[in-house]
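Trainee: Pasting a structure below so you can have a look.
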Amino acid sequence: MENRYKNRWSHSVKVLLVLLMAITVITSCMDDDYIYDDKEPDFLKGSIYQYLKESGDFTNYIRLIDDLNRKEYLNLTGSITLFVANDSAFNEFYKKNVWNVSRYEQLTQRQKKLIFNFSMIKNAYTLEKLSNYYDGNYHEGLAMRRYTALSAIDSVEFGKELPAGSYWDAYRNKGLYLMKDNTDIPFVFFSPQFMTLSGMTDEDFSFLSGGKERVKDDFFVFNKKVIKRDIICKNGYVNVLESVLTPPVNMAEYINSNPRTTIFSTLLERFSAPYYDGSTTALYKELNPDFTDSIFNKVYFADNGGTSVDPNGKAITVRLAYNPGWNAYRTTVNSSVYSDMAAMFVPSDEAMNDYINNDPTGSLLKERYGSWELLPNDVVVSFLTRHMQTSLLKSVPSVFSKMVDNQNYTLPVKKEDILTDYNYTAVNGEVYLTNKVYTPVDYISVYAPVLLTTGTKVINWAITRTEAAYDRTLFAFYKLYLNSMAAKYALFVPTDEYLTKYIDPVAYGQTGVNGALKYWYNEKSSTVNATIYTYSDGIVGDSVGVITDADFLQNRLWKLLDSHIVVGDVTGDGYYVTKANDIIKMSNSMQSVQGGFDIEKGTEAQVIRTFPQENGTTFTINSPINPALQSVYSAMGDISKTEFSDFFELLEGVPSDYGTELPQIFTSRGLDYCVSFFNSYNYTIYVPTNEAIQRALSNGVIKTWAQINLFTGDAKKAETQKMLRFLRYHFQDRSVFVGQTKVGTYETATLKLQSDNFPSYFNTPVNKSYKLGVEEDGGSIKLITESGKTARVILKDGYYNLIAKDYVFNSPTSTSTDFKNVDGTGATTATAFNKSRITASSSAVIHLIDDVLTFDE
């Protein structure tokens, strides 16, 4: 299909000739005086070679053709488009050029090939049709690049000046034959149709081309104007350029060769390596029988157009977004080479030195690492990627104000930042030399201390783990999340040396052998492993195995991350709710932090260092924050909490007769039982004292389950529903804490029904949740109910600010006992421990109150 559309234009000259011949035959029968009986049309020249030869103004180009033995090719072969320069242009070329040749005789055979092959397209196109392309769909006027006849094999050269790095060391003394990329080499052009349809302005073009001005209908190849166009020959079209066209290099090679970008280039070249190219070596030997060496290809470690393994076959986990040396660059794997290319904003050496010495963030880099050369690759890649744009059309001056980087963060480039004398249009993108550095968000967000400090490899592995989006592109959710400048965060980071005793919820809830995990970074595999230890009453025992399952480790560390992120900055001592809906407590002037389990056991994590960042605060800590490992069920059912017993008995007593229509309060799930209507959120539960429950029974406010069970049929169902609504009214959305009361109105787990014909204190509409009013009351909390009555939290040790957490494991019905113990023991039908997953959780703070809460009195 693609060839059919290509041939539609590439054979247009041949079709024209056939039609002319047909017209000649037909008209000769009709009119003996037809003018083309004895001659060809004046507009149809001879072959391309004949036209150039007879014009007398292309002697330099004719010499190229003859020296390269291409005369016959340009005399006979059809379907060619050629962009040539006349002798006047060559005379100017000899005065100044990148090869420093001052006359034709100084051109090497390789240079002659470069000029000739780069000026030719192996299809016949008028300039109007050159900007059309087919990639499964037909696109008119949207092409800006075309493959030329220049092959990568034409660029093979021997060299000893190689990039720094161990991959190049073996060839540093002896040198090697190297291609800077082995893909075909396109040229860049700006047609009137493209300029109209792409959104690129004349001012953009002038900025890119070093000040060249274009007017309507101008056609440029790079920054060289076509001064004579669409000259029709028997075997194609000839276009005359205002100056000699020599092939630019790719972006990476321009940056590497520019003396003003040595620092940036050194960082970029870390991600390159030589790879033996067997097919090119074989072809080169066929073309050059005396050649006995090997040819290598320079490839960059990159997600798009590069490689993810080094020459030894080892996986490379830290990669560029795309290969800056890729001649045939495409914005995505599935896009076309024709319609766009890349762009790079490359700070000059002066700008790089000024940044690391004088900029606040740059100075931190220098303090931590000493110099640009000593930055580790995972820090460098963030810097390089920030300056690499995937689309030129989204990186021209007219859209600088809207430009974002590959993580969708604003890239604040201004025209005055660009050193325009050094703009360079490469075969695969535009290189802008800049007088400033654009700080990566990775360096200023709460993620920055994880990236830039030592001892955070485990958490960094978790943050940078990727997943696939709907369109199959990979993204690191937690990195994007923590880099967001639209929100504030507090990030708590247990350093590697302290991730030695993280109590696993699944293992903790088992009735057999409990377990704790030590997470550690495996340098050989560049991933995280976890060693399993037995655990009992705070004592870590023997090692019983190592987990390498990446899915398990990702699940646990992502849940750990969620419990160590507070949305909204931490500004002082007190309680905070994390992204996981865990409840944590800061104390000791923000130098200590505890989770629910820590509070229960009297342990704490201490802050090692505090990092104020642009979007919040990062705290490195000397222990993981251990969330609550008691469910609401076990916290309220604790026999030592005697004041909870009567209310807990009511919660437990809900009959199972009515299924999901009137569901029980507790359901078997997670550590033991979960609150059935909790939904990945944080809650407050108000528990009336035993005295308050008995008073409500005596006053007829509620009935015991024994009394309710004496009813039958609809009457029993109605009484059950009434009791359920009473109980659920004690469960409030959002956690509030004694000593840190957030005054306001909060929804409960009881809905107002159409049949509720009594007054509502808060004017709650039908089918909406009944509310509770929360006020501070002399260090305690006062509650106002929908019935206008009040209750207060009782400040009795162990009965307020009590934290619990309900977990959901692999499925909504999974419990800890469905999995084998950490040492592999357990029921034969149980699932292996490393196949367990934590899928959701909810937290609650529990307070004892002095009266029941009602909405209907």
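Trainee: Given the condition surrounded by 18 or more Cβ atoms within 10 Å (Cβ to Cβ) and not in a strand (DSSP E or B), answer yes or no: does some residue in the stretch 766-782 qualify?
Mentor: no
Trainee: For the subset of the stretch 665-679 comprising residues that are modelled with pLDDT under 95 and in a loop (DSSP other than H, G, I, E, B), which member is surrounded by the most Cβ atoms within 10 Å (Cβ to Cβ)?
Mentor: The residue in question is Leu671.
Trainee: Kindly indicate whether Lys717 is closer than 19 Å to Val852 by Cβ, open to solvent by 50 Å² or more (accessible area, probe 1.4 Å) and of a type in the set (Lys, Arg). Step through it out loud before you land on a result.
Mentor: Details: closer than 19 Å to Val852 by Cβ: no; open to solvent by 50 Å² or more (accessible area, probe 1.4 Å): yes; of a type in the set (Lys, Arg): yes.
So Lys717 does not fit the description; no.
Trainee: Still on this structure, I have one more. Which of the following residues is buried (at least 19 other Cβ atoms within 10 Å of the Cβ), over 20 Å from Met636 (Cα atoms), polar (S, T, N, Q) and more than 41 Å from the chain's Cα centre (by Cα): Thr828, Thr785, Thr790? Break it down into steps so the answer makes sense when it comes.
Mentor: Numbers: Thr828 fails: buried (at least 19 other Cβ atoms within 10 Å of the Cβ); Thr790 fails: buried (at least 19 other Cβ atoms within 10 Å of the Cβ).
On inspection, the qualifying residue turns out to be Thr785.
Trainee: Among Val346, Val381, which is among the hydrophobic types (A, V, I, L, M, F, W, C), in contact with a His (Cβ under 8 Å, 6 or more places away or on another chain) and either farther than 30 Å from Thr473 by Cα or open to solvent by less than 30 Å² (accessible area, probe 1.4 Å) (or both)? Before you say what the answer is, go through the steps one by one.
Mentor: On the way: Val381 fails: in contact with a His (Cβ under 8 Å, 6 or more places away or on another chain).
The match here is Val346.
Trainee: Same structure, new question: Being in a helix (DSSP H, G or I) and polar (S, T, N, Q) is the requirement here; does Asn408 meet it?
Mentor: Values: in a helix (DSSP H, G or I): no; polar (S, T, N, Q): yes.
No; evaluated as a whole, the condition is false for this residue.
Trainee: I want to confirm something. Restricting to the stretch 415-428 and keeping residues that are of a type in the set (S, T, N, Q) and part of a loop (DSSP other than H, G, I, E, B), which single residue is farthest from Ser391 (Cα to Cα)?
Mentor: Of the residues in the stretch 415-428, the ones of a type in the set (S, T, N, Q) are 420, 423, 425, 428.
So of that shortlist, the ones also part of a loop (DSSP other than H, G, I, E, B) come out as 423, 428.
Values: Asn423: 16, Asn428: 10 Å.
Step by step, filter the stretch 415-428, then rank; the result is Asn423.
Trainee: Would you check which residues across the stretch 613-639 are touching a residue at least 24 places away in the same chain (Cβ under 8 Å) and assigned to a loop (DSSP other than H, G, I, E, B) and list them?
Mentor: Going through the stretch 613-639, the residues touching a residue at least 24 places away in the same chain (Cβ under 8 Å) turn out to be 613-636.
Glu614, Asn615, Asn622, Ser623, Pro624, Ile625, Asn626, Pro627, Ala628, Leu629, Gln630, Ser631, listed by residue number.
Trainee: Among the residues of the stretch 94-106, which ones are in contact (Cβ under 8 Å) with a residue 40 or more places away in the chain and closer than 19 Å to Ile62 by Cβ?
Mentor: Tyr104 - this is the single residue of the stretch 94-106 that is in contact (Cβ under 8 Å) with a residue 40 or more places away in the chain and closer than 19 Å to Ile62 by Cβ.
Trainee: A further question follows. I'd like to check which strands (runs of 3 or more DSSP E) are fully inside the stretch 555-595 and have at least 2 residues that are in contact with an Asp or Glu (Cβ under 6 Å, 6 or more places away or on another chain).
Mentor: Working: elements: 565-567, 574-577, 583-587, 592-594.
Hits in the stretch 555-595: 583-587, 592-594.
Trainee: From the set of residues in the stretch 292-320 that are hydrophobic (A, V, I, L, M, F, W, C) and modelled with pLDDT of 95 or more, which is nearest to the chain's Cα centre (by Cα)? If you could, list the steps in order and put the result at the bottom.
Mentor: Kept after step one, since they are hydrophobic (A, V, I, L, M, F, W, C), are these residues of the stretch 292-320: 295-296, 299, 301-302, 309, 315-316, 318, 320.
Next, from what is left, pick out any that are modelled with pLDDT of 95 or more: 295-296, 299, 301-302, 309, 320.
Numbers: Ile295: 35, Phe296: 31, Val299: 22, Phe301: 17, Ala302: 14, Val309: 20, Leu320: 12 Å.
Only one residue fits best here, namely Leu320.
Trainee: Is there a residue in the stretch 65-81 that is farther than 24 Å from Asp230 by Cβ, surrounded by 14 or more Cβ atoms within 10 Å (Cβ to Cβ), at pLDDT 95 or above and of a type outside the set (Gly, Ala, Ser)?
Mentor: yes
Here is a yes/no grid of residues against (1) over 24 Å from Tyr447 (Cβ atoms); (2) among the hydrophobic types (A, V, I, L, M, F, W, C); (3) within 30 Å of the chain's Cα centre (by Cα):
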{"residue": "Ile584", "(1), (2), (3)": "no, yes, yes"}
{"residue": "Met590", "(1), (2), (3)": "no, yes, no"}
{"residue": "Gly595", "(1), (2), (3)": "no, no, no"}
{"residue": "Thr620", "(1), (2), (3)": "no, no, yes"}
{"residue": "Ser623", "(1), (2), (3)": "no, no, yes"}
{"residue": "Asn626", "(1), (2), (3)": "no, no, yes"}
{"residue": "Gln630", "(1), (2), (3)": "yes, no, no"}
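Trainee: I would also like to ask the following. So if I check each of Ser769, Ser780, Ser816, Ser755, which one is under 30 Å from Asp551 (Cα atoms) and either touching a Gly at 6+ places or on another chain (Cβ under 8 Å) or not basic (Lys, Arg) (or both)? Can you show your working first?
Mentor: Working: Ser769 fails: under 30 Å from Asp551 (Cα atoms); Ser780 fails: under 30 Å from Asp551 (Cα atoms); Ser755 fails: under 30 Å from Asp551 (Cα atoms).
On inspection, the qualifying residue turns out to be Ser816.
Trainee: Restricting the first residue to the stretch 745-759 and requiring it to be in a strand (DSSP E or B), which pairs with a second residue that is surrounded by fewer than 11 Cβ atoms within 10 Å (Cβ to Cβ) meet a Cβ separation below 7 Å and a spacing of at least six or different chains?
Mentor: Within 7 Å, the pairs are Leu751/Asn767.
Trainee: Could you tell me which of the residues Ala832, Ala827 is without any contact (Cβ under 8 Å) to a residue 12 or more places away in the chain and among the aliphatic types (A, V, I, L, M)? Before the answer, list the steps.
Mentor: Values: Ala832 fails: without any contact (Cβ under 8 Å) to a residue 12 or more places away in the chain.
Step by step, each of Ala832, Ala827 is checked, and only Ala827 is without any contact (Cβ under 8 Å) to a residue 12 or more places away in the chain and among the aliphatic types (A, V, I, L, M).
Trainee: Could I ask something else about it? Listed residues Val446, Val431, Val437; which is within 17 Å of Val346 (Cα to Cα) and assigned to a loop (DSSP other than H, G, I, E, B)? First the steps, then the outcome.
Mentor: Working: Val446 fails: within 17 Å of Val346 (Cα to Cα); Val431 fails: assigned to a loop (DSSP other than H, G, I, E, B).
Residue meeting the stated conditions: Val437.
Trainee: Residue check, Tyr422 against (1) surrounded by 17 or more Cβ atoms within 10 Å (Cβ to Cβ); (2) among the hydroxyl-bearing types (Ser, Thr, Tyr); (3) farther than 30 Å from Ser206 by Cβ, all met but one. Which one?
Mentor: Evaluating Tyr422 over (1) surrounded by 17 or more Cβ atoms within 10 Å (Cβ to Cβ); (2) among the hydroxyl-bearing types (Ser, Thr, Tyr); (3) farther than 30 Å from Ser206 by Cβ leaves (3) as the failure.
Trainee: Taking the residues in the stretch 574-611 that are in contact (Cβ under 8 Å) with a residue 24 or more places away in the chain and small (Gly, Ala, Ser) as candidates, determine which candidate is surrounded by the fewest Cβ atoms within 10 Å (Cβ to Cβ).
Mentor: Selected residue: Gly574.
Trainee: Another one. Right, Ser645: closer than 19 Å to Leu853 by Cβ, touching a helix residue (DSSP H, G or I) at 6+ places or on another chain (Cβ under 8 Å) and surrounded by fewer than 18 Cβ atoms within 10 Å (Cβ to Cβ) or not?
Mentor: Numbers: closer than 19 Å to Leu853 by Cβ: yes; touching a helix residue (DSSP H, G or I) at 6+ places or on another chain (Cβ under 8 Å): yes; surrounded by fewer than 18 Cβ atoms within 10 Å (Cβ to Cβ): yes.
When the stated conditions are applied, Ser645 passes them.
Trainee: Does Gly236 fit the bill of being touching a residue at least 60 places away in the same chain (Cβ under 8 Å), open to solvent by 10 Å² or more (accessible area, probe 1.4 Å) and out of contact with any Pro (no Cβ under 9 Å at 6 or more places or on another chain)?
Mentor: Numbers: touching a residue at least 60 places away in the same chain (Cβ under 8 Å): yes; open to solvent by 10 Å² or more (accessible area, probe 1.4 Å): no; out of contact with any Pro (no Cβ under 9 Å at 6 or more places or on another chain): yes.
No, not satisfied.
The values are calculated or read from the model by the stated rules, or taken from the named source; none is laboratory data. Only a predicted model underlies this, so the values are computations on that prediction, with no experimental measurement involved. Don't worry about glycine lacking a Cβ; one is built from the backbone with ideal geometry, like all the others, and counts go over all protein chains shown. Quick note on the areas: whole protein, heavy atoms, side chains included, nothing else; ligands and nucleic acids left out. Shrake-Rupley method; radii C 1.70, N 1.55, O 1.52, S 1.80 Å.
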